[in-house]
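What follows is a single structure, written as structure tokens, with notes after it.
Since every read-out is calculated from the coordinates, none of them should be taken as a lab result. Worth saying up front: this structure is predicted, and the values here are computed from it rather than measured. Reconstructed Cβ throughout: ideal geometry from the backbone, glycine too, with neighbour counts over all protein chains shown.
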Amino acid sequence: MSVDTDRLRRWRLVLGGEGAEGSGLADAQLSEEDSGVDKALAALYDKPDEDAAGGPRSANLGASAPRVARWLGDVRRYFPSTVVQVMQRDAVDRLGLTRMLLEKELLSAVEPDVHLVGTLLSLNSVLPEETKETAREVVRKVVEELERRLADRTRAAIKGALDKASRTHRPRPGDINWARTIHANLKHYSPELRTIVPEKLIGFGRRQQAVQRDVILAVDQSGSMAESVVYSGLFGAVLASMRALKTSFVAFDTEVADLTEHLADPVDVLFGTQLGGGTDINRAIAYCQGLVERPEQTLLVLISDLYEGGDEDELLHRVAELVGSGVQVVTLLALSDSGAPSYDHENAAALAELGVPAFACTPDQFPELMAAAVRGDDLQAWVARENS
């Protein structure tokens, strides 16, 4: 196939039959496989044409479950998984095919991804019993993939930060870090004594099983935060697996649900959330205040777009109280890969005036963010470096 012919073919597939009319591309020759690709695209992106039923551009997903099942099989055959995921999301959004996720046979045929998990969680209360187990399998597949990508990095980053935070320059003899001490004192080598005379000793605090930090994740479960809820559930479970941390997980909309007891399994955490509804951040922060036992060792991470349906003035007053008591408060406007989030700029600015940074964070940035918070770094400077 010549370069020109291939280019015409690609444009024909992009424009579709109707779009190609009058462009000189309508007569472009399509192979049998190209025709299959064309029909799969038409079923989703072309308006149904009842007058042309059976024609090459009349394909649509209609209301037939077998037709949807065939379409799912076709898109998996013709497109890579990343494209399949986009087309599935478009099918749900453009054609309202939430029914696709309510039937076990159809659900088992979809390509799992974070967005699909968010949709399933929003449908949790209406999923038929025979579909719920399939839905859990889909969610678990995505969670396990995310764990492989993120869990070890998160534990390593936070462990390193905790170790650094516990270093002392007055260590007990058994706790001296000799390698770091020698390196730090090389300039104090004494030729007469033929040895290093250390001016400072570097070590780590005595290793202990005691909890070093209390972490509270307060997660907005309104519908716009679906992707953030998925990642928050995963990270909550990872943090809870670390003995040096005491982790609490609080999900909220207009009500508050403490899901801490489910943190052993992130899938249980996610199915404990109820995506959708309004938002009462003030009520959630009030609950979190009651969880604080050691203010100066507590990190509260509020994950919310800050669109407050409750009392904004009282919310800011509570946050000011937490900060004043020594709690480190961070606001993540989104924890997702979906680009710049929509959020309440006025509330974000008001929190910034209280010394509470508010910014979006990707899942890949989260381990280092938590490490920076544990070390007590300037998080505004950290954000500036990450985004530079």
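When only alpha-carbon atoms are used, what values of Rg and Dmax, in angstrom, describe the stretch 251-297?
Values for the stretch 251-297 (Cα only, Rg and Dmax): 12.1, 34 Å.
Under a plain spin-label model, where a point goes 7 Å from the Cα along Cα-to-Cβ, how far apart in nm are E386 and S241?
Computed distance between label sites E386 and S241 equals 2.1 nm.
Which distance in nm do the two modelled labels at K159 and E255 give, with both placed 7 Å along the Cα-to-Cβ direction?
Label-label distance for K159 and E255, simple model: 3.9 nm.
Give me the number: length gained by fully extending D313 to L354, i.e. 0.36 nm times residue separation minus the C-alpha to C-alpha distance, one decimal in nm.
Full-extension gain reported as 13.5 nm.
Please list, by residue number, every one of the chymotrypsin sites (Phe, Trp or Tyr not before Pro) in the stretch 327-388 that is coil in DSSP and has at most 16 other beta-carbon atoms within 10 Å.
Within the stretch 327-388, no chymotrypsin sites (Phe, Trp or Tyr not before Pro) qualify (loop, at most 16 other Cβ atoms within 10 Å).
Using the C-alpha atoms of the stretch 117-156, what convex hull volume per residue, in cubic angstrom, is computed?
For the stretch 117-156, the hull spanned by Cα atoms encloses 66 Å³ per residue.
Could you order peptides 152-165, 241-254 by the average number of other Cβ atoms within 10 Å of their residues, highest first?
Answer by packing, highest mean first, reads 241-254, 152-165.
Of all GluC sites (Glu not before Pro) in the stretch 223-318, which ones are in loop regions per DSSP and have a Cβ with at most 12 other Cβ atoms within 10 Å?
Here the GluC sites (Glu not before Pro) that fit, given the DSSP loop and packing criteria, are E293.
Taking the Kirkwood radius as the inverse of the mean 1/r across Cα pairs, report the Rg/Rh of the stretch 338-388.
0.96
I216's amide H: which non-local residues (gap 5+, or another chain) put their own amide H closer than 5 Å, with H modeled 1.01 Å from N in plane and none for Pro or chain starts?
Placed amide hydrogens put S248, L299, L300, V301 under 5 Å from I216.
List the residues whose amide H sits under 5 Å from the amide H of N177, counting only those 5 or more places along or on another chain, with H placed 1.01 Å from N in the peptide plane.
I202, G203, F204
Rounded if a/c is under 1.5, else prolate if a/b beats b/c, else oblate: with a ≥ b ≥ c from the C-alpha gyration tensor eigenvalues square-rooted, which is the stretch 181-284?
The shape class here is prolate.
Of the listed pairs K164/K200; K159/K246; K104/K141, which have alpha-carbon separations greater than 20 Å here?
Table pairs above 20 Å Cα-Cα: there are none.
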